[in-house]
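Just below is one structure, and these are the notes that go with it.
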């Protein structure tokens, strides 16, 4: 009788990858980073387990977007108080917090539960080209599209 392979948490090996976001399109970058965080690039992928790897994204301030998204894309939030609704354009977010733009794009492509929250903790985004994870010996991840 054949059985379906299900990964066990003890046999999951996690690697560290570094991605250079310079000149990359935001959505294409985010979808491939989300796939690595989920573990879909591995043979042992199991949907109900976090089999993904750690991802470091550098040069987050040098990403590109197509069309009129710099002024048309809005980030909305509400503080739950009366009059607490705030909107920010992508251009303003890129000026203030470019790391948050990539983090929110990847967050939208992960599961909306505690599994997705744990996957998002493995994402490290930096605006510049320097990061503090040299001790983990990250490998360069080549994005394909």
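Computed from the coordinates by the stated procedures, all read-outs in this text should not be read as laboratory data. All values reported here derive from a predicted model rather than from experimental measurement. Heads up, the Cβs are rebuilt from the backbone with ideal geometry, glycines too, and the neighbour counts pull from every protein chain shown.
Subtracting the Cα-Cα distance of residue 66 and residue 117 from their residue separation scaled by 0.36 nm leaves 15.5 nm.
If you take the beta carbon distance between residue 144 and residue 76 as r and set R0 to 41 Å, what does 1/(1 + (r/R0)^6) give as a FRET efficiency, to the nearest 0.05? It would help to have the intermediate numbers written out before the result.
Working: r = 32 Å, r/R0 = 0.79.
FRET efficiency, residue 144 to residue 76: 0.80.
Computed on the range 62-116, the Cα convex hull volume stands at 107 Å³ per residue.
When N is the residue count of the range 87-140, what does its C-alpha Rg come to as a fraction of 2.2 N^0.38 Å? Write down the numbers at each step before the final one.
Values: Rg = 13.3 Å, N = 54, 2.2 N^0.38 = 10.0 Å.
Working it through for the range 87-140, the quotient is 1.32.
Could you tell me what percent of the DSSP beta bridges with both partners in the range 6-98 are antiparallel, to the nearest 5? Around 45 percent antiparallel, to the nearest 5.
If you count the DSSP beta bridges with both ends in the range 32-145, what percent of them are antiparallel, to the nearest 5? For the range 32-145, the DSSP antiparallel bridge percentage is about 60.
Let me have the 222 nm mean residue ellipticity of the chain computed from DSSP H runs of 4+ only, each contributing -39500 (n - 2.57), with the sum over all residues rounded to the nearest 500.
Details: 5 runs with 41 residues, N = 145.
The helix-only estimate for the chain comes to -7500 deg cm²/dmol at 222 nm.
For a protection proxy built on the mean count of beta-carbon atoms within 10 angstrom, sort 127-136, 101-110 highest first, please.
The packing order, highest mean first, is 101-110, 127-136.
Summary of the geometry: the range 97-129 and the range 9-69, compared by the centres of their Cα atoms, lie 9 Å apart.
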